[in-house]
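This report concerns only the one structure given below.
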Amino acid sequence: MRKRTIAAATGIAALTLTPAGMVRAGADRIAFPQGFEKSYTLYGVIDRPDRKQVRFFYVDRASLKAAKYGQPMPDGTTLVMAFKKATVDANGEPVLDKNGRMIPDGDFTGVAVQKKGKGWGADHTEKQQNGDWEYAEFKPDGSRNAEVKSFDACFGCHSARAKPAEDYTFLFAPYLRDHKKG
Amino acid sequence: MRAIAYALAGLILASGTAGAADITVTMKGMQFQPGKIAAKRGDVLVLTNDDTVDHDALVTTFGYGVNPGNIKPGETKRIALMKRGKFEIQCVYHDTMTIAVSVK
């Protein structure tokens, strides 16, 4: 009897404390996309001279295969925006390569992720709800970037692409339009 | 083939392209004017926000991507056209604001 009580108590503790057993919400729904540089498809590179930063955009391949321009992105679509510093000259201005592009310097300095999950939008008020998309930001080692306290800026900026064909994406929808018909 | 864009007003690298011209683009009434541009390599788009709200000029086309960042009312930013081809510019905040650019 005593054994059973202890076992039961242990079980309850496990249910309460094990992260896998917790209900996740918001950015916690998104796990770091380990190995995205190799296993995802690059669909954009944006020079940001104002921030002296080069941004690389990746999508998971299953979603890229399933996505069709003009239709909302599939559930599970994971879009990555990874940052690198730009190489700068002695005056701190970006150096350009022979093709006029900014030159990335070193490894990624940050990884922002936008992911769509069925029903995730229900976690949010109508005022701040971008369909079923959530946002998260990580350090390059995969740990969460604790300096990012709010994703209001993500929701706010991406809300400008609310048409079904855009589905809250800036580059991915144009990429589908230009590279994947139907 | 080049694609250079600079948000830093006035900062354009010398490309060595002869006969390059500035092409004035206004942002007013939630529109880019002109909405279509035929340019030659080395020309520079000079984007001025004549509106009362912030705008932006994001090149969304793969292979041409650049974003000079937020353009406040009264502010000007420049995008040098150093890569031949066709691409699209969108205002980040207003998706109906677009420019179709062709560079020869």
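The values are calculated or read from the model by the stated rules, or taken from the named source; none is laboratory data. Treat the numbers as computed from the prediction; the structure is a model and nothing was measured. All Cβ positions, even for glycine, are placed from backbone atoms using ideal geometry, and neighbour counts span all protein chains on display. What goes into the accessible areas is simple: the full protein's heavy atoms, side chains included, and nothing from ligands, DNA or RNA. Shrake-Rupley method; radii C 1.70, N 1.55, O 1.52, S 1.80 Å.
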Tell me, which residue of region B:93-104 that is of a type in the set (S, T, N, Q) and part of a strand (DSSP E or B) is nearest to A:GLU166 (Cα to Cα)? B:THR98
Those residues of region B:48-82 which are more than 9 Å from every other protein chain (Cβ to nearest Cβ), within 18 Å of A:ALA160 (Cβ to Cβ) and touching a Lys or Arg at 6+ places or on another chain (Cβ under 6 Å), in sequence order: B:ASP51, B:ASP54, B:ILE71
Suppose the filter is in contact with a strand residue (DSSP E or B) (Cβ under 7 Å, 6 or more places away or on another chain) and not in a loop (DSSP other than H, G, I, E, B); does A:TYR168 pass it? no
Subset of region B:59-84 [open to solvent by less than 30 Å² (accessible area, probe 1.4 Å) and over 17 Å from A:TYR175 (Cβ atoms)]: B:PRO68, B:GLY69, B:ILE71, B:LYS77, B:ILE79, B:ALA80, B:LEU81, B:MET82
Could you tell me whether any residue of region B:85-92 is in a loop (DSSP other than H, G, I, E, B) and either open to solvent by 40 Å² or more (accessible area, probe 1.4 Å) or modelled with pLDDT under 95 (or both)? no
Tally up the residues in region A:27-50 that are open to solvent by 30 Å² or more (accessible area, probe 1.4 Å), of a type in the set (Asp, Glu) and not in a loop (DSSP other than H, G, I, E, B), please. 2
Can you name the condition, by its number, that A:LYS98 falls short on among (1) within 13 Å of chain B (Cβ to nearest Cβ); (2) open to solvent by less than 20 Å² (accessible area, probe 1.4 Å); (3) closer than 30 Å to B:VAL44 by Cβ? (2)
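Yes/no per residue for (1) open to solvent by less than 80 Å² (accessible area, probe 1.4 Å); (2) farther than 25 Å from B:ARG84 by Cβ; (3) not in a strand (DSSP E or B):
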{"site": "B:ALA20", "(1), (2), (3)": "yes, no, yes"}
{"site": "B:VAL25", "(1), (2), (3)": "yes, no, no"}
{"site": "B:PHE32", "(1), (2), (3)": "yes, no, no"}
{"site": "B:ALA38", "(1), (2), (3)": "no, no, no"}
{"site": "B:ARG41", "(1), (2), (3)": "yes, no, yes"}
{"site": "B:VAL46", "(1), (2), (3)": "yes, no, no"}
{"site": "B:VAL53", "(1), (2), (3)": "yes, yes, yes"}
Scan region A:34-91 residue by residue and report those that are closer than 19 Å to B:GLY65 by Cα, more than 12 Å from chain B (Cβ to nearest Cβ) and acidic (Asp, Glu). A:GLU37
